[in-house]
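> So that we are looking at the same thing, I have put the structure below in structure tokens.
Readers should treat all values here as calculations from the given coordinates under stated rules, not as data from a laboratory. In this text, all values refer to a predicted model and were calculated from it rather than measured experimentally. Reconstructed Cβ throughout: ideal geometry from the backbone, glycine too, with neighbour counts over all protein chains shown.
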Amino acid sequence: MHLPSSVRLIEEPAGYPILVIDHPAASGRIALNGAHVMEWTPAGEKPVLYMSPLALLEPGKAIRGGIPVCWPWFGDHPTEPGKPAHGFVRNEMWRPGDVTEDADGVKVQLFLSDSEATRALWPHRFELRLELSLGAELSVALCIKNMDEAAWSMTGALHTYLRVADVTAAAVIGLDDAFYVEKRLSPERIEQSGPVIFDREVDRNYESRATLRLLDKKAGRTLVVEKSGSRATIVWNPWIEKSKRLADLPDDAYPHFVCIEAANAAPDVITLAPGEEHVLSQCLRVKPGLG
């Protein structure tokens, strides 16, 4: 693997490969385990992604924070709850492809294909390509191809943890009038009225293609979240009691992040014919001020 001057490969801890990016436009870290963007900080800004200080950096273990890639199912397996939550690809070691740089930033490709181990969990053949672009904006595109001889269906998400100074002073703009279901909390389909605010646990699956703005009022900045290939947006904050049940998240961490996830989640289930592709993507950028 050839790396440009702004990228280096480290193993931290030993046996755990991470691409470290130090470019004039942005810095970042990408774990090959799970093709996981752990950090992204555009030049002149504070870090945009939240990483749990208790995250497990072990091969085969999912990372709490950053941008987990959830696939080929979102949440619990629909019929076998003993299988890994949010699918298995965030627990797999991905293969690096091209890593390039230019004046605007760094581009990284990562690949994963089915294996005997993955087919034991999900009996289908696939090819995944994650295309990342880190600069003044962060672009993440999960390219999914059916390599099987029959159609199959899937769900998934880019489970993005966005850092905020204080979640009780944050708000998500752009979902007014969208309908949502509050996962695990209520099966009722509810219409959003006004901004999404956080004064309790929020775990909502919105029917929306919209570009959203996360107002981080205490920090005085706005995070813009665009997406494509998705008709579902997940907004999540575990609040107090759920945080206590998550061993890899400090009990007092919940005020410091909001998850806004580009998702293919029920009813947005994707079916691909043999040879067909689907791209789920998300683009993040920072705007100074609130608006």
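> Can you compute the charge dipole magnitude of the chain about its Cα centre, using +1 on each Lys and Arg Cβ and -1 on each Asp and Glu Cβ, nothing else charged? Give it in debye, rounded to the nearest 20.
The dipole of the chain has a size of about 420 debye.
> Determine, from the Cβ-Cβ distance of residue 16 and residue 121 and an R0 of 22 Å, the FRET efficiency 1/(1 + (r/R0)^6), rounded to the nearest 0.05.
Numbers: r = 22 Å, r/R0 = 1.00.
It comes to 0.50.
> Name the long-range amide H neighbours of residue 171: under 5 Å, sequence gap of 5 or more, or other chain; modelled H, no Pro or chain starts.
Hits under the 5 Å cutoff: 215, 217.
> Hey, another quick one. Taking the Cα of residue 93, stepping 7 Å toward and past its beta carbon, and measuring to each backbone N in the range 56-74: which are under 13 Å?
Once the point is set 7 Å along Cα→Cβ of residue 93, 58-61 turn out to lie under 13 Å by backbone N, inside the range 56-74.
> Now for a different question. 5 Å is the cut-off here: which amide hydrogens, built 1.01 Å from N in the peptide plane, fall below it relative to residue 56, excluding neighbours closer than 5 in sequence?
Amide H neighbours of residue 56, under 5 Å, 5+ apart: 64.
> Given springs between every Cα pair under 10 Å in a Gaussian network model of the chain, which of 118, 233, 222 has the largest fluctuation?
118
> What percentage of all Cα-Cα pairs in the range 102-240 are separated by more than 23 Å? Don't jump to the answer; show the numbers that get you there.
Numbers: 4692 of 9591 pairs.
In whole percent, the long-distance tail amounts to 49.
> Sticking with this one: Please build a GNM for the chain, connecting alpha carbons under 10 Å apart, and tell me which residue among 45, 261, 131 fluctuates the most.
Of 45, 261, 131, the most mobile in the Gaussian network model is 45.
> Let me ask something additional. When only alpha-carbon atoms are used, what values of Rg and Dmax, in angstrom, describe the range 211-278?
For the range 211-278, the Cα radius of gyration and maximum Cα-Cα distance read 16.1, 49 Å.
> If we count other beta carbons within 10 Å of each Cβ, what is the order of 180, 16, fewest first?
Working: 180 24, 16 16.
Going from sparsest to densest Cβ surroundings: 16, 180.
> Also, quick follow-up: Rg to Rh for the range 85-163: what is it, with Cα atoms only and Rh by Kirkwood?
Numbers: Rg = 14.4 Å, Rh = 14.2 Å.
Radius of gyration relative to Kirkwood radius: 1.01.
> Consider a paramagnetic label point 7 Å from the Cα of residue 166 along Cα→Cβ; state which residues of the range 239-276 have an amide N under 18 Å from it.
Residues 239-240, 252-258 fall inside that zone.
> In addition: Evaluate the distance, in nm, between pseudo-label points positioned 7 Å from the Cα of residue 240 and of residue 179 along their respective Cα→Cβ axes.
Roughly 3.4 nm, to one decimal.
> Now a separate question. Once Rh is set to the Kirkwood radius over Cα pairs, what Stokes-Einstein translational diffusion coefficient, in µm²/s, holds for the range 119-160 at a temperature of 37 °C and a viscosity of 0.692 mPa s?
This corresponds to a translational diffusion coefficient of 265 µm²/s.
> Given bins 10 angstrom wide, list per bin the percent of all Cα-Cα distances in the range 1-80, short to long.
Answer for the range 1-80: a P(r) of 17, 45, 29, 8, 2 percent.
> Pulled fully out, how much extra length does the chain show between residue 218 and residue 8, if you take 0.36 nm times their separation in residues and subtract their Cα-Cα distance?
72.2 nm
> Roughly how many whole Å is it from the C-alpha centroid of the range 134-150 to that of the range 44-120?
12
> Now, a different point. Go through the range 76-93 residue by residue and turn each phi into a ³J(HN,Hα) via Karplus (6.51, -1.76, 1.60, θ = phi - 60°); whole Hz please, and just put x for glycine and proline.
Karplus-based 3J(HN,Hα) across the range 76-93 equals 6, 4, x, 10, 10, x, x, 7, x, 5, 6, x, 10, 6, 6, 9, 9, 7 Hz.
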